[in-house]
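First up is the structure itself, then whatever we jot down about it.
The values are calculated or read from the model by the stated rules, or taken from the named source; none is laboratory data. Keep in mind it's a predicted model, so treat the numbers as computed, not measured. Neighbour counts run over all protein chains shown; Cβ positions are idealised from the backbone, glycine included. In case anyone asks, the SASA skips ligands and DNA or RNA and just uses the protein heavy atoms, side chains included. Shrake-Rupley method; radii C 1.70, N 1.55, O 1.52, S 1.80 Å.
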Amino acid sequence: MPRTDSDRSQALRLLPPVDQILRLEALAGWPRPLLLRAARAWLDDARAAVLAGRLDATGLQTQAAPAALAAAIAGRCAAATRRRHERVYNATGIVLHTGIGRAPLPRAAVAALVDAAGYAVVEVDPVTGQRDQREHGVAGLLRELTGAEGALVVNNNAAATTLMLTALTAGREVVVSRGELVEIGGGFRMPDVMRRAGCAMAEVGATNKTHLRDFAEATNDRTVAYLKVHPSNYRIEGFAGTPSVAELVGLAAGKGLMVLDDLGSGLFWNQPLPGLADEPKVADSLGAGAHVVAVSGDKLLGGPQCGILLGKQDLIAKCRAHPVYRAVRCDKLTLAALEATLLLYRDGEPLRDVPTLRMLAAEAAELRARSEQLAGALAAMGARVVASDSFAGSGANPARPLPSFAVALRGGDAQCDALRAARPVAVFARVADGDVLLDARTLLVEDLDAVAAAVVAAWPARKPA
């Protein structure tokens, strides 16, 4: 390492000029602006290492040799151009995994999204050429599928809830059960939302138990609505309970109040799904008389991220007319993907065509067969099939596992790290009891061969004994 100023000066003189790096033949395929940034960054790092005494002339000469230098610069270029939002394989067993994008879009939705990437109908009637509402198409489908009088789409369910409360309850009092004052990821707390929406929160009952009489006793001349909130990321069991939407509607009817239901996960599919018997359905809330229901599009619906408001036509119109709506409305890509997803519910076979529903509905025999197929491809690595617990995820059916099967490989965090770094497609797995588990519930059959290849390529080589 350089010990004197003379040593450092000798090393610094070996730094290649930028134009010499740019002329390296091995780097000819990279765009010049990218190469220029990478070359300057490499030179800055090398210069800093010399001045700090970490790199001498001999070491620098080795690093600046044409082949080594080209490899280093190319590596920097590759890292700089790698997209963060790349596709991954989900082997975690969590169907709606917030960290990797929640619901995987149906193929029809992907095609619609790509098709709308250029010019697309958004705020114009294609027949008359006159200006129109941007959510006109999806609102019609939502009304048809749910029976709601009105529908509105915004960019996520937090926005839907905020808009609902701001437009309908500002300056008035809203009664909510203490056991439903939820906090979701990112510090989104219902009391904070209500305060910022301009309404006064009246919390009633106890953490575990709220009675209908609590709502009745809290009602006064300032009360405008009863709010029900789906506790989407936790579950209170045992001596616990809150009034149902139907009970709140019955109480509100005699007082001229609204019942607003922040349903969260928003299950549109009305047929039984394994493990989701207790998950509230959109149709049930509307059928019970809720005036406005707020749900997510990228959870149990299986579509793109968005928030959906369903309910009485006059109340939905009031939400749409509020200035906050413009700040939270959806773009053409979201609307196109949502429309295609809703068309599958109306005209297709959702359990086959919507990946989220297909994963949730997968039966034990299918999951075992899928695991055995993947384990066979990884037999040389000692793969074996084990029983596993999977989850709906993203606040749907909290704390209730869905029985599944997985492929187990001996390993831990280091192996999981290597799988997440796999290219061209990373694999997200989980660790349990000294094994890396690849859960079959969240792996599509058509991806199994590619997943096996990614695991084999990325798996750290064993060190010789």
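Of the residues R400, R430, R441, the single one that is open to solvent by 40 Å² or more (accessible area, probe 1.4 Å), touching a strand residue (DSSP E or B) at 6+ places or on another chain (Cβ under 7 Å), under 24 Å from L276 (Cα atoms) and in contact (Cβ under 8 Å) with a residue 60 or more places away in the chain is R430. On the given criteria, is V328 within 18 Å of A225 (Cβ to Cβ) and at pLDDT 95 or above? Against the criterion (within 18 Å of A225 (Cβ to Cβ) and at pLDDT 95 or above), V328 does not qualify.
Residue selection: T58 satisfies the criterion of being β-branched (V, I, T) and out of contact with any helix residue (DSSP H, G or I) (no Cβ under 7 Å at 6 or more places or on another chain).
Restricted to the range 126-140, and to residues there that are closer than 18 Å to A151 by Cβ and assigned to a loop (DSSP other than H, G, I, E, B), the residue that is most open to solvent (accessible area, probe 1.4 Å) is Q133. Of all residues in the range 269-285, those that are hydrophobic (A, V, I, L, M, F, W, C) and open to solvent by 30 Å² or more (accessible area, probe 1.4 Å) total 3. What about L145, is it surrounded by fewer than 23 Cβ atoms within 10 Å (Cβ to Cβ), of a type in the set (A, V, I, L, M) and assigned to a helix (DSSP H, G or I)? So L145 passes the test.
The listed residues are D433, D439, D449, and the only one of them that is under 24 Å from L367 (Cβ atoms) and touching a Gly at 6+ places or on another chain (Cβ under 6 Å) turns out to be D439. As a summary of the residue check, G129 satisfies the conditions (1) free of Cβ contacts under 8 Å to residues at least 12 places away in the same chain; (2) on the phi < 0 side of the Ramachandran plot; (3) not hydrophobic (A, V, I, L, M, F, W, C) except for the one numbered (2).
Going through the range 423-454 one residue at a time, which ones are among the small types (G, A, S), under 21 Å from the mean Cα position of the chain (by Cα) and either at pLDDT below 95 or assigned to a strand (DSSP E or B) (or both)? Selection gives A426 alone.
Residue-wise test of (1) in contact (Cβ under 8 Å) with a residue 24 or more places away in the chain; (2) surrounded by fewer than 17 Cβ atoms within 10 Å (Cβ to Cβ).
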| position | (1), (2) |
| --- | --- |
| T341 | yes, no |
| E349 | no, yes |
| T356 | yes, no |
| L360 | yes, no |
| G382 | yes, yes |
| S388 | yes, no |
| A392 | yes, no |
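The set of residues in the range 305-330 being within 18 Å of the chain's Cα centre (by Cα) and open to solvent by less than 20 Å² (accessible area, probe 1.4 Å) consists of C306, G307, I308, C330. Hey, any hits in the range 385-394 for a residue that's polar (S, T, N, Q) and touching a strand residue (DSSP E or B) at 6+ places or on another chain (Cβ under 7 Å)? Scanning the range 385-394 turns up at least one residue that is polar (S, T, N, Q) and touching a strand residue (DSSP E or B) at 6+ places or on another chain (Cβ under 7 Å). Among the candidates R47, R37, R54, the residue that is open to solvent by 40 Å² or more (accessible area, probe 1.4 Å), assigned to a helix (DSSP H, G or I) and over 14 Å from A72 (Cα atoms) is uniquely R47.
Identify the residue in the range 215-264 that is over 22 Å from A170 (Cα atoms) and not in a loop (DSSP other than H, G, I, E, B) and, among all such residues, is most open to solvent (accessible area, probe 1.4 Å). Checking each candidate, the answer is E247. Restricting the range 57-106 to residues that are among the small types (G, A, S) and within 20 Å of R430 (Cα to Cα) leaves a set whose member that is surrounded by the fewest Cβ atoms within 10 Å (Cβ to Cβ) is G99.
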